[in-house]
Structures are given as C-alpha cells and as structure tokens.
1. Find how much the distance from H227 to S109 grows on full extension, using 0.36 nm per residue of separation minus their present alpha carbon separation; answer in nm with one decimal.
2. Of K68/K319; K233/K361; K71/K179; K68/K90; K256/K361; K179/K233, which pairs sit farther than 26 Å apart, going by alpha carbon to alpha carbon?
3. Scan around S339 for amide H atoms under 5 Å from its own, H built in the peptide plane at 1.01 Å from N, and keep only partners 5 or more places away or cross-chain.
4. In nm, to one decimal, how far is the modelled label at Q126 from the one at K90, with both set 7 Å along Cα→Cβ?
5. Calculate how many DSSP beta bridges within region 242-400 are antiparallel, expressed in % of all such bridges and rounded to the nearest 5.
6. Return the tail of the calculated pair distribution for region 289-359, meaning the percent of Cα-Cα pairs more than 13 Å apart.
7. Please arrange L81, L115 by how many other C-beta atoms lie within 10 Å of their C-beta, fewest to most.
8. So how far apart, in nm, are the two label points at R137 and K361 if each is 7 Å from Cα heading toward Cβ?
Amino acid sequence: MAMEDLETRIPSIFLVTPVLFLVGVFLFIALLNGQRDLTVLTLLVLGISIGAKVWSRLSVSGVRCSSKVDKNRLFPGESLLLHVSAENAKFLPVWLQMRVQVEDALEPSSGEKGLSSECGLLWYQQAQFTWELVARRRGVHHVEPAHMKVGDPFGFFPREKRTGWDIPVIVYPRLVPVKRLSLVRRDFFGIPGAKSPVQDPIYILGTRDYQHWRPARHIHWKASARHNRLQEKVFEPSEQEKVLLVVDVSPFERDKQSESFERTLEVVASLAVQFYQRGCAVGFVTNGVVEGGASLLAMGRSPQHLSSLLEILARLNMKTDGTLADTLYRALELPWGASCVHFSYEQDGDTATAARYFRHKGIPTLYVVSSSRVPRERDAQELGGPLYGLDEICTGEAQKA
C-alpha cells in the first residue's frame with residue numbers, strides 16, 4: 001500500500017541553518033555589549049540544538065526491531081495481526097516513530113491509510129505495536145520491513161532506520177458453494193475402500209509398527225532407522241477415487257479475462273476441498289506461472305497436501321508458461337483409476353488438444369468453461385466428456401457472491 005509521508009513534529013528553529021546562524025550573530029552582539037540575559041538565551045538555544053543533534057546521532061545504535069504475523073495463510077475476508085516490537089538496548093532514551101508499509105490487498109481494519117505510531121523509549125525499554133490487517137484478494141502479498149525514525153526525545157533531528165525482511169502473506173482463493181460433482185471412475189475392484197482386499201502401493205498414508213505376519217517388502221527402512229524399530233507402510237486402498245484438477249491459463253491470458261480467472265480459481269479451490277472431504281486423492285496441474293512454486297502437484301489426500309494445492313492456486317498468475325499439452329506430455333504421470341476436471345475460459349483448440357491427450361490415456365474427463373457462451377451438446381461430443389458452464393456447478397449463493 002502506498003503510504004504518505006508522515007509529518008514529524010520538529011520545530012523549524014532547530015533545523016534551519018540561517019536561523020542558527022542568526023542566533024550566533026545575536027550571541028556575538030550580546031557578548032560585545034555585555035547583555036547577560038541575551039547571552040544566556042542564545043547559548044541555551046545553541047546548546048539545545050547541538051545537544052539534540054549529538055543525541056540523535058547516538059540514538060540509532062542499540063535500537064532493534066522485529067516484525068511477525070500471527071498467521072501467514074488465510075482466505076479473503078479473514079484478518080491477521082501484525083506485531084512489531086521495538087527495543088532500546090542502551091541507557092540513552094530515544095524518540096521513536098514506527099511505520100509499516102503493506103500492499104493494497106492487506107487493508108488495516110481500522111480504515112487508516114497507513115500503519116504508523118510513535119512513542120518514547122526509556123533506557124532498556126521495549127514497545128509493542130499491533131495492527132489488524134484484513135485480506136481482500138487472492139495472491140502472495142508482502143508486509144515490508146518496519147521503517148523507523150529514531151532521534152532525541154524532542155524529535156528535533158530524526159534519523160531513519162530499516163530493519164528485518166519482508167513477511168510474505170499467502171491468501172488462498174475464496175471458497176464458494178459448489179454442487180457435488182459425480183465423476184466417472186475406473187477401479188480395479190468394486191468393493192468400497194476399507195473392505196478392499198488390495199492395497200495400492202502408490203499411495204502411502206503413513207507408517208506404523210511392523211507386524212510379523214505382514215510382507216517384508218512393506219517395511220519402511222528409513223522410518224525404521226528413525227524410530228529405532230521396524231516400521232511398515234500404511235497404504236490407501238486401490239478403490240480410492242483419484243481426481244486431477246487441470247487449469248488452462250492460455251485462454252484467460254489471451255482474452256484478458258482476469259475476473260473470470262479469479263472466479264475459476266475460486267471454484268477449483270472449492271472443488272478441491274469438496275473432493276478432500278469425500279476422501280478423494282486430489283492432484284493439480286496448470287500451464288500458468290506459479291510464483292515461487294511448481295505448477296504440478298501429484299495425487300494425495302493428506303491435510304498438508306490440500307494446503308499445498310491451495311497455496312499453488314494462491315501463487316498462480318494469469319500468465320502462461322507454454323501450452324497445456326506440452327505440460328501434460330512433459331510432466332504428468334497419472335495412476336490407474338484417475339478422473340479429471342478440466343477448467344478453461346472457453347472451448348478452443350487447446351481444449352481439444354487436451355481432450356485428445358486424456359482420451360489417449362483413457363482418463364475420463366469433465367470440462368468446465370467460464371465464458372458466458374452456453375455450452376452445446378455438440379461441444380461435449382467433440383471433447384468426449386461432459387461440458388459445463390462455470391455457473392452450472394456453482395450454487396445460487398456462489399453466483400450472487
């Protein structure tokens with residue numbers, strides 16, 4: 001957030017060089033004419049000015065500052081607390097003014113335009129500053145290091161000091177109400193999860209103490225060494241539903257549809273949470289640029305896995321890094337039984353290319369487009385899978401929002 005410079009309470013008489021020169025002239029005249037009162041006054045003014053300047057030079061040393069937030073991952077509309085601590089680790093008291101600059105997407109709950117405060121710090125004293133910030137939109141935003149002005153107790157000659165590092169704050173896409181999607185599944189066995197006689201070695205839920213009647217090939221040797229006793233792998237059943245979420249960023253970037261892009265990511269995040277709650281393993285792939293992260297997430301269903309998926313969506317930019325087809329052929333390996341939900345702005349050549357890839361791999365796919373054009377039955381036949389508009393899988397509450 002752009003922050004206006006704050007006014008500093010500094011009397012101009014102690015700053016303007018011509019005024020100090022004039023005080024020196026009066027001192028000279030007072031000494032020549034033996035004016036005792038005027039001499040004392042001018043010496044007092046010069047003494048205060050010089051003393052304040054020396055005090056201000058010494059005030060910067062020993063002043064330490066640190067910043068932290070109570071949480072750095074949240075959803076739009078949620079708030080976080082920014083704590084800034086300042087310490088005067090010396091015997092000399094100082095005057096302190098604190099400013100913190102944040103991006104527009106993190107607004108102070110008080111409605112102020114900037115985060116600022118000032119106080120005086122005695123010897124070896126600490127001060128705590130706390131502000132509440134509200135996340136307004138998805139993305140990776142930063143709270144800049146605290147910007148301090150330190151000086152003499154009167155604040156006549158402040159000196160600036162910046163400390164610390166940026167604090168990244170990750171804002172996930174907003175979760176919206178979505179309808180329950182029914183996906184086509186390909187399972188080795190039709191027996192529900194816990195009753196399945198076959199376990200899938202691809203999906204490891206965790207480890208537990210090794211049971212002597214279990215196959216030795218299931219021993220997790222690294223975990224055994226860490227716990228100093230034999231540990232075995234715990235697998236997910238082969239029957240488990242596996243869903244791959246795919247976002248093609250190219251049409252959004254080409255048509256400059258930033259609003260539709262944000263709505264699509266909200267639906268993707270909401271479906272990911274829905275699938276996780278249903279016990280599905282969820283994966284993600286996109287051809288968009290992910291700020292500071294990877295554009296591919298393998299299948300999984302742990303709480304940490306869901307957080308990783310939401311973080312990728314928070315970091316995803318409306319900027320492509322190659323075609324979706326290249327991304328799929330280069331980096332994607334899907335296990336048996338996976339289904340796919342493909343998101344795009346509209347049905348175009350890129351969507352048809354992705355559809356051919358999924359048909360070649362035998363992956364049942366559901367297609368979702370966010371453009372206002374109503375999907376036709378012929379479009380779905382060309383893709384080889386169901387085709388929906390974005391509003392069709394959102395509930396009425398989500399469309400109003």
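Quick note: the coordinates plus some simple rules give every number you see, no bench work behind them. As the structure is a prediction and not an experimental result, all values here were calculated from the model. We place every Cβ from the backbone using ideal geometry, glycine too, and count neighbours over all the protein chains shown.
1. On the way: separation 118, 0.36 × 118 = 42.48 nm, distance 4.73 nm.
Fully extending the segment from H227 to S109 adds 37.8 nm.
2. Values: K68/K319 31 Å; K233/K361 29 Å; K71/K179 30 Å; K68/K90 23 Å; K256/K361 32 Å; K179/K233 35 Å.
With Cα atoms farther than 26 Å apart: K68/K319; K233/K361; K71/K179; K256/K361; K179/K233.
3. Amide H neighbours of S339: K242, V243, L244.
4. 2.0
5. Working: 5 of 25 bridges.
Antiparallel bridges make up about 20 percent of those DSSP assigns within region 242-400.
6. Details: 1806 of 2485 pairs.
Considering region 289-359, 73 percent of its Cα-Cα pairs are separated by more than 13 Å.
7. Numbers: L81 13, L115 23.
Lowest count first: L81, L115.
8. 3.2
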